[in-house]
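Structure first, commentary second.
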Amino acid sequence: MAQVQSLKDIITSGHGSGGRLTQRLTRRVLDHFDLQDDIFQMEDCAFIGDGFAVSMDGFTVSPHDFPGGDIGKLAVCGSANDLAVRGVRPMFLTLSLIIEEGLESAVLDRYMESAARMAKEGGIRLTAGDTKVVPHGAADKLFITTCAIGKKDLPASPLTETLQTSNLKEGDALILSTSPGRHGAALAAARFGLNAPGLMSDCALLWPALEPLMKLDGLRCMRDCTRGGLGTVLCEWAEHTKHPIKSPLGIEIFETEIPVQREVNSVCDILGLDPLYLASEGCALLAVAPEQAETCLEMLRKSPLCRDAAIIGRTVSEHPRMVGMRTRIGGLRFIDMPAGDILPRIC
């Protein structure tokens, strides 16, 4: 009799959600490597010396075209943004394509034109790449893998030399650069045939909006809210942050301050989703010293991408390693990472 495998013994789509299962999968992969702590810090990109940083990403989004973008645009923005949120100017890009036999050449041209347009807009040079063609049925038309490389400009202050989660201090203000969940909601609407006028993915390059903030010596860290959304980023920060002297920190956010668009809420209501966990591709969470919060907010709002930027919470000493949300009715709801797959293949 054949043995029945436990779900713990196989990889499921939930491992790609960006939440708790993704964390476990990542740890499982990394356990096989002898990693250098000074290079690998569980951040969006890694510094590799002389101010250079590198990030790698894969894109399997479905559908390939969505309101506000396509897989080509997403591949460039998603990879470049991983550098931007660590204060690194994106400069170079490698591009690897896995193409399924039968893809129309004109469709491939359109996606590559979209990627090239975004690279040009961001001042990013394509420097290397690879193409593979697999038999029909072995892939879903097109998968893209990118590697982005950039260099950090000299900091205005030693305090902003390395933006990372360990910089967080009690009382820091948490700022959301724009309304969250638009990418996930736009994909959900397209995938399920929902009529959502005005709903567009927020897919965009973040560096132009974030670069002016590098002069703030109170800027602690940043993260783009991709797979797993805002809720997952908040949980990662709370769980991996230690108070430099006393104990780990907690996080509190305020439901009434989170600028969720009406269209996103409508899609969530229909499909039973939570906007906290829907992916964004042009939205970043920032932590900044409380005395610079308003200055940071004002600087962000000068960018067309960040007109609805908002202070949504703060770090606290209460409920360490946990995220609490003050609800509209005054209660405290604890936020956890998603345990399964909310919406597969969103990036």
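About its Cα centre, the range 209-347 has a charge dipole of approximately 180 debye under the convention of +1 per Lys or Arg Cβ and -1 per Asp or Glu Cβ, with nothing else charged. Between the listed residues Phe254, Phe192, Cys347, the Cα displaced farthest toward the positive end of the dipole of the chain, a dipole computed from Cβ unit charges relative to the Cα centre, is found at Phe254. Here Ser247 and Phe334 are evaluated by their C-beta separation; at R0 = 22 Å the FRET efficiency comes out at 0.75.
What FRET efficiency do you get for Arg262 and Asn195 if R0 is 25 Å and r is their Cβ-Cβ distance, rounded to the nearest 0.05?
For R0 = 25 Å, the calculated efficiency reads 0.95.
The amide H of Met91, built 1.01 Å from its N in the peptide plane, has Ile149, Gly150, Lys151 as neighbours under 5 Å, considering only residues 5 or more places off or on other chains.
Taking label points 7 Å from Cα along the Cα-to-Cβ direction, Glu255 and Asp9 give a separation of 4.3 nm. Mean separation of Cα pairs under 8 Å and 6+ residues apart, divided by the residue count of the chain: what relative contact order is that in percent? Reported as a whole number, the value is 24 percent.
Classify the range 108-231: rounded, prolate or oblate, from the alpha-carbon gyration tensor (a ≥ b ≥ c, eigenvalue square roots; a/c under 1.5 rounded; otherwise prolate if a/b is larger than b/c)?
Working: a/c = 2.30, a/b = 1.46, b/c = 1.58.
The shape class here is oblate.
Projecting label points 7 angstrom from Cα along Cα→Cβ for Lys120 and Arg28 puts them 4.3 nm apart.
How much length would be gained if the chain were fully extended between Arg321 and Arg345, taking 0.36 nm per residue of separation minus their Cα-Cα distance, in nm to one decimal?
Extending this stretch completely gives an extra 5.8 nm.
Would you calculate a helix-derived [θ] at 222 nm for the chain, using -39,500 (n - 2.57) for each DSSP H run of n ≥ 4 and dividing by the full residue count, to the nearest 500?
Counting only the DSSP helices, I get -7500 deg cm²/dmol.
When each of the peptides 213-219, 181-187 is scored by how many other beta carbons lie within 10 Å of its residues on average, the order from highest to lowest is 181-187, 213-219.
Among the lysines of the chain, pairs that are 8 or more positions apart or on different chains and have alpha carbons within less than 22 Å of each other number 13.
Simple point charges give the picture: +1 on the Cβ of Lys and Arg, -1 on the Cβ of Asp and Glu, and for the chain a dipole about the Cα centre of about 280 debye.
Does the chain come out rounded, prolate or oblate, given a ≥ b ≥ c as the square roots of the eigenvalues of its C-alpha gyration tensor, rounded meaning a/c under 1.5 and, failing that, prolate meaning a/b above b/c? Rounded.
Once you order the gyration tensor axes a ≥ b ≥ c over the Cα atoms, which shape class does the range 67-111 get: rounded for a/c under 1.5, otherwise prolate or oblate by comparing a/b with b/c? Prolate, because a/c is 1.5 or more and a/b exceeds b/c.
Every number here is computed from the coordinates shown, using simple stated rules; none is lab data. All values reported here derive from a predicted model rather than from experimental measurement. No Cβ is skipped: glycine too gets one built from the backbone with ideal geometry, and neighbour counts run over all protein chains shown.
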